[in-house]
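Here the structure comes first, spelled out in structure tokens, and everything after it is commentary.
The values are calculated or read from the model by the stated rules, or taken from the named source; none is laboratory data. All figures in this text were calculated on a predicted structure; none of them were measured in a lab. Backbone-built Cβ (ideal geometry, glycine too); neighbour counts: all protein chains shown.
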Amino acid sequence: MKRYLFTLITLLAIVTQDVKAQLQTYSGHQLTEEGAWCWFADPRAIHYSNAEGTINASYIGYIDVHGNVKAMQMDYITGCQSEVLVRSYFQPDDHNNPTFLVLPDERVLVIYSRHTDEPAFYYRVSKYPGDITILGEEKCIKTNHNTTYPSPFLMSDDPEHFYLCWRGLGWHPTIARLTLPDENDDVEIKWGPYQMVQSTGARPYAKYYSNGKDKLYMTYTTGHPDNEWPNWLYFNVINLNPTKGADGSVSVNPILEDIKGNYLSTIADGKFRVNKSDEYKLQYPYTLVDAPAGYRDWVWQIACDEAGFPTIAMVRIDRTRQHHQYYYAKWTGDAWHLTDLAYGGGRFHPSNTEYCYSGGMALDPESPGTVYLSVPVKNAKGESIYEIWRYLVAANGQVVMKDQITRGSAKNNVRPFVLPGSKDPPMRLMWMHGDYAYWIVKKGYPTGFPTAIHGHGTAPKACMTDKQSKGNFTIDLEMLLPANHYYGTLLTTQSFSYGLDKETVKPYVEIAGKRYYSTNVLYTSDNWAANCTGTHGDNWPTPHATLHVTFTYDGHRLTVYRGGLIDQVIEIPKLKASQVTIGDIPTSGVQLNSYSCRRW
């Protein structure tokens, strides 16, 4: 009896220790194993729900080290979480995360670009309102300058257009007015692009915010804090100044203003010049948020409170670039009030470059007094691990609450972000989790940014299919692909075949003699690790040695998954999947690695 009692006590002790360990360890809920984002292309994630109750979904965008631009849809109506391959074989750089805009017809525009080395934006538009699992073909917006960090906006006073801000002309904040996507998803630049400001620094870094009606708010630095000491932080209002004509058309002639509404420049007529001189400070005092004598400022986010007063999440970095201090800047109506929040450590990554990469900050756009910080915390081994904290700042600028969100993490939690438009969903806060080495996969940093995306709260379950009914099927297989014969038929069924086009290197589904091509080529960007030396417009295609492909059919849609990511959705009735043949050995040389077929 004593032996059994001892065993029971021992088991209870083990269970208690496990519960305590779980309480002491929390790194959030993993949404995707491979994903990263920068913090200057926004919104990198959004939530949208409509009044009719037909849409209630979150959309999260990121890129992985293989060059896959990806997006996740969390549908709170269907309870389904889906991951979409937006673009394969892209420059593997965390600056290239996609951003989102919900259009007036409730379709979702996904826009992205390479980092500095191509004069173009790319975008895709969802076929249906609120559903990015079916995206249209990839489109391109050509520019005459390199592009980075797209930030799109809709304005109610100009409902036939959208506005795009980015780092463009002269590596400075740039703006353009574009038409909404037409029936072919095409857009046209109707106004601009225009460089809005000219700094004495080489690369100002800007964040944007919109009142949704007629104004954009822009806060930006003199330049990159690694190159500027001191580095000031500026604030401007972009007054779009829309005017409606007698025929109902809207014309715009945007002007740049300071926060008091004082005129600075007409954007189309030339750039407003900023510098770090005493003369500038005296002449344009209401364009400055912070003009430190001994610090390097950098900016993380901007939002506005219910009164329309802007709030800025920012960081001051010392001259050595080893000490990062988080600040909360609040416009009071007369001046900017800065609240010192917390010590942010130094750079969060191990490399000896980019010394000004803080763990990160995020404002809750629905309640800008709530700030999330990535702060270094000593673990049991004495190591500094970045954990997510929540701070609540009162209207008077005082910190009234601190709450640690993650704890006991094995890896860093950085670059938090709160989804705009998300008052009610059970998951609003997200961040990067993992061992970040560098912002691009390249020689010297071959691992790049192998992080996951984590979230705080609960998310819908991952779904590979829609409604299951009699006659539906799933085919799941993994193939070995020959590098010397990288084309041909990969799979044949009674109703359709799946193959790889030799010229375009794009997979296709063939049904009744008609081919439905994927937008995405069947390459990865893994060769960047051995060949890349920077953002020089290079490309190194890497064929897939293996291909994991899954076909699901729900009676209406054939969905093709590549590596678990939605690549194609074809709407077609009455498909069957009997008589499955794997490959055409004499033609394609495909070898089967694993195979399963299931019918419901």
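Quick one: would you say V560 is within 21 Å of E138 (Cβ to Cβ), touching an Asp or Glu at 6+ places or on another chain (Cβ under 9 Å) and at pLDDT 95 or above? Criteria met by V560. The one condition from (1) under 30 Å from L31 (Cα atoms); (2) modelled with pLDDT under 95 that N520 does not meet is (2). Scanning segment 505-525 for residues that are without any contact (Cβ under 8 Å) to a residue 60 or more places away in the chain and in a strand (DSSP E or B) yields Y508, E510, K514, R515, Y516, Y517. So, in segment 490-549, of the ones that are more than 23 Å from the chain's Cα centre (by Cα) and of a type in the set (G, A, S), which residue ends up surrounded by the fewest Cβ atoms within 10 Å (Cβ to Cβ)? The qualifying residue surrounded by the fewest Cβ atoms within 10 Å (Cβ to Cβ) is G513. Within segment 471-479, is even one residue over 23 Å from I63 (Cβ atoms) and charged (D, E, K, R)? Yes. Taken as a whole, the structure places T311 among residues that are under 17 Å from Y328 (Cβ atoms), among the polar types (S, T, N, Q) and free of Cβ contacts under 8 Å to residues at least 60 places away in the same chain. Considering segment 256-280 alone, what residues qualify as being hydrophobic (A, V, I, L, M, F, W, C) and buried (at least 18 other Cβ atoms within 10 Å of the Cβ)? Once the filter is applied, which keeps residues that are hydrophobic (A, V, I, L, M, F, W, C) and buried (at least 18 other Cβ atoms within 10 Å of the Cβ), segment 256-280 yields L256, I259, L264, I267, F272, V274.
Restricted to strands (runs of 3 or more DSSP E) entirely inside segment 138-221, those with at least 2 residues that are crowded, with 22+ Cβ neighbours inside 10 Å, of a type outside the set (D, E, K, R) and touching a strand residue (DSSP E or B) at 6+ places or on another chain (Cβ under 7 Å) are 148-154, 161-167, 173-179, 197-199, 206-210, 215-221. From the list H433, H456, H485, the lone residue that is modelled with pLDDT of 95 or more and closer than 22 Å to G563 by Cβ is H433. Annotation: of all residues in segment 73-104 being within 19 Å of L178 (Cβ to Cβ) and in contact (Cβ under 8 Å) with a residue 60 or more places away in the chain, the one that is surrounded by the most Cβ atoms within 10 Å (Cβ to Cβ) is L101.
Exactly one residue out of Y286, Y280 is within 16 Å of T200 (Cβ to Cβ) and not in a loop (DSSP other than H, G, I, E, B): that is Y280. Residues of segment 529-547 being outside any loop (DSSP other than H, G, I, E, B) and either closer than 16 Å to Y438 by Cβ or touching a His at 6+ places or on another chain (Cβ under 9 Å) (or both), which ones? Passing the criteria: A529, A530, N531, T542.
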